[in-house]
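Peer 1: Dropping the structure in here first, questions after.
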Amino acid sequence: MKKIFTLLFIIAAAASTTIAQSTLVINEVDYDQPSLDSAEFIELYNASPNGINLGDYTVLLFNGNATSNVIYDSFPLPSQVLNAGDYFVICGGAGYVANCDMVLPKFVNIIQNGSPDAIIIRDNNTSNLIDVVSYEGSCIAPYVSGNGCPLAQSDTAQADSIANKYVGISRFPDGADTNDDSTDWNRACITPGAANTNTTTNCVTGLSTPKSTLAIEVYPNPSRGIVTINYKATQGKAVNVRVSDILGNELKVVTLKPNASVGQIDLSEYHNGIYLIKVQSGASQTVKRIILNK
Ligand SMILES: [Ca+2]
Ligand SMILES: [Ca+2]
Ligand SMILES: [Ca+2]
């Protein structure tokens with residue numbers, strides 16, 4: 001009986017803790033790129049000696065702007081075991097992020113740029129927050145560990161210079177966690193799905209092969225509604241056209257014939273504005289902006 005009471009006490013103590021100690025951590029984030037944010041990713045890391053079932057967890061995105069303070073997106077993780085010492089990469093642009101394990105339907109502007117904002121791992125069973133990183137400053141409790149990663153160490157610091165093209169924020173070494181984001185997180189070259197580094201010089205994309213772009217023409221631009229796309233499919237592969245608004249919300253998906261070289265999509269049902277058109281065939285893809293002016 002005493003054992004049962006002790007167990008109950010431990011469970012109660014764990015449930016009342018806002019940020020529980022865990023060994024699944026947010027290890028690296030790239031939330032800002034020059035021009036369009038089309039290569040964003042979140043890397044998780046299993047710092048424990050045992051496999052972890054990712055299906056027990058959800059990744060949450062928190063907008064820490066004082067007038068907002070809301071969870072603005074959430075990604076339930078797939079039911080699969082992440083081995084000890086292994087990485088799990090969540091991304092938008094599959095062809096733009098190396099080693100991506102979970103491709104989100106939205107492919108640009110998924111992760112807000114602050115300031116401040118936070119990323120959280122929540123345990124689905126207990127609702128405990130098992131890891132939190134606040135970046136571009138400190139979010140309100142409990143969406144921060146200690147103090148937030150400061151602006152000087154943020155991903156947006158000089159993010160639009162080409163020299164900083166492949167820089168994000170990360171822990172070094174992998175999984176290092178003193179429960180203070182301001183010391184645990186620093187700017188460094190991106191390493192999605194691989195060991196973190198602590199340098200910001202001579203960064204590379206991390207893709208094992210350079211990103212392959214699809215040669216396309218999209219016209220007229222501005223468009224009154226009907227958009228023509230000239231393309232050359234990757235051999236034998238379907239050609240998918242994904243249309244999204246400038247915030248990355250996907251509006252429609254159209255499949256073009258792989259054995260043709262010209263197709264059309266109709267945007268006339270949408271409001272005037274700027275739209276993104278991603279044309280993908282096999283591993284190659286290209287994103288174009290188009291202005292709709294009916
Ligand atoms: Ca972003
Ligand atoms: Ca970046
Ligand atoms: Ca990494």
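Peer 1: Only one of (1) modelled with pLDDT under 95; (2) more than 16 Å from ligand 3 (Cβ to nearest atom) is not met by D155, so which one is it?
Peer 2: (2)
Peer 1: In region 178-205, how many residues are away from ligand 2 (no atom under 11 Å from the Cβ), in contact with a strand residue (DSSP E or B) (Cβ under 6 Å, 6 or more places away or on another chain) and not hydroxyl-bearing (S, T, Y)?
Peer 2: Number satisfying all stated conditions: 6.
Peer 1: Since N196 meets every condition but one in (1) more than 28 Å from E250 (Cβ to Cβ); (2) assigned by TED's automatic domain parsing to the domain that holds S38; (3) outside any strand (DSSP E or B), which condition does it not meet?
Peer 2: That leaves (2) as the condition not met.
The values are calculated or read from the model by the stated rules, or taken from the named source; none is laboratory data. Predicted, not measured: the structure shown is a model, and the values here were computed from it. Because the Cβ atoms are built from the backbone with ideal geometry, glycine has one as well, and the counts that use them run over all protein chains shown.
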